[in-house]
1. Among the residues of segment 151-171, count how many are in a loop (DSSP other than H, G, I, E, B) and without any contact (Cβ under 8 Å) to a residue 60 or more places away in the chain.
2. Restricting to segment 113-134, count the residues that are farther than 26 Å from Leu30 by Cα and surrounded by fewer than 20 Cβ atoms within 10 Å (Cβ to Cβ).
3. Name the one entry in Thr218, Thr212 that is in a loop (DSSP other than H, G, I, E, B) and either over 18 Å from the mean Cα position of the chain (by Cα) or surrounded by fewer than 16 Cβ atoms within 10 Å (Cβ to Cβ) (or both).
4. Across segment 85-110, which residue is nearest to Ala143 (Cα to Cα) among those that are in a loop (DSSP other than H, G, I, E, B) and modelled with pLDDT of 90 or more?
5. Evaluate the following for Asp94: is it among the charged types (D, E, K, R), surrounded by 14 or more Cβ atoms within 10 Å (Cβ to Cβ) and under 26 Å from Asn24 (Cα atoms)?
6. Among the residues of segment 147-179, which ones are crowded, with 19+ Cβ neighbours inside 10 Å and over 26 Å from Ala215 (Cβ atoms)?
7. So which residues in segment 198-209 are assigned to a strand (DSSP E or B) and more than 17 Å from the chain's Cα centre (by Cα)?
8. Could you tell me which residue of segment 53-66 is surrounded by the fewest Cβ atoms within 10 Å (Cβ to Cβ), considering only residues that are within 10 Å of the chain's Cα centre (by Cα) and over 22 Å from Lys242 (Cβ atoms)?
Amino acid sequence: MAGFQTSVRADIAPGIKGGWASANPHVSLLQPNNGDPANANYASWKAGPASVTIGQFAFADVVTGLVHSANPGTGAIFSATQAGRIRPGFVQRDQTSLITGYLAGEGELVPAGVGITLLASGDVWAKFAAGAAVGSFVFASHADGSAIAGATSTEPTASIAVTTTNGSANLTGVAAGAYAGQPISGAGIPAGTYLVSVNATAGTAVMSANATASASITATVTTAALTPWRVDSLAAAGDIAKISVRG
């Protein structure tokens, strides 16, 4: 069967994606409720309808109590300077997962509706598709929650073509690279606007605010959200690195 070990390494791997990188204390991301059973989301965070991938970041909606691997676009990102509705946290691997494929050798999804714990702090191993340098800032991709390293705390951006309509939140002619939850800026787009939803097939999107002009423009989208983590070990492209809030 595919997926099983076919070779043995001379050296033991230092860790695994989502695993603990140390025995140092860690902190869970608390759910903002008062424990009242009348509150619809009073119990715990739960995986959203699309399941949640273990070993990377996820986005928690403080209103619904649901956690999503991709930013759901239901609100702004919470930060030290912004009381946003969406709070990013890290999905550590020591919790309930599910192997969905018949006779599959591995699985990394927390099924929809299952309780999930997110980390607000802790030393863990994260995978970096483009590699990471020691001391780098760590960002969570709005597209899928994957970890991205950056030399500065400035959130990464991309330029995409869109067409705005004055007085409407709807965008047309949206180029590839747009995802729900991404902050978006450009001529005729009010400050603080983000993408609520994106239909990549149709090339359309909905913003959180109405445009103030009608035009075909090059807009700027923020592709990943800043997290409190920093990189604590070197990683080549596609490799894992230690990340820590205290490092």
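1. The initial filter retains those residues of segment 151-171 that are in a loop (DSSP other than H, G, I, E, B), namely 151-156, 165-169.
Then drop every residue that is not without any contact (Cβ under 8 Å) to a residue 60 or more places away in the chain, which leaves 151-152, 154, 165-169.
Residues flagged as in a loop (DSSP other than H, G, I, E, B) and without any contact (Cβ under 8 Å) to a residue 60 or more places away in the chain within segment 151-171 amount to 8.
2. Total satisfying the criteria: 5.
3. It is Thr212.
4. Initial filter on segment 85-110 (in a loop (DSSP other than H, G, I, E, B)): 85, 91-97, 99-108.
From what's left, modelled with pLDDT of 90 or more: 85, 91-93.
Numbers: Arg85: 17, Val91: 16, Gln92: 19, Arg93: 20 Å.
Taking the candidates together, the pick is Val91.
5. Numbers: among the charged types (D, E, K, R): yes; surrounded by 14 or more Cβ atoms within 10 Å (Cβ to Cβ): no; under 26 Å from Asn24 (Cα atoms): yes.
Answer is no for this residue.
6. Ala147, Ile148, Ala149
7. Within segment 198-209, the first condition is being assigned to a strand (DSSP E or B), and the residues that meet it are 198-199, 204-207.
Within segment 198-209, Asn199, Thr204, Ala205, Val206, Met207 meet the criteria.
8. Going through the qualifying residues, I end up with Ala60.
The values are calculated or read from the model by the stated rules, or taken from the named source; none is laboratory data. Remember, it's a predicted structure, so these values are computed and weren't measured experimentally. Backbone-built Cβ (ideal geometry, glycine too); neighbour counts: all protein chains shown.
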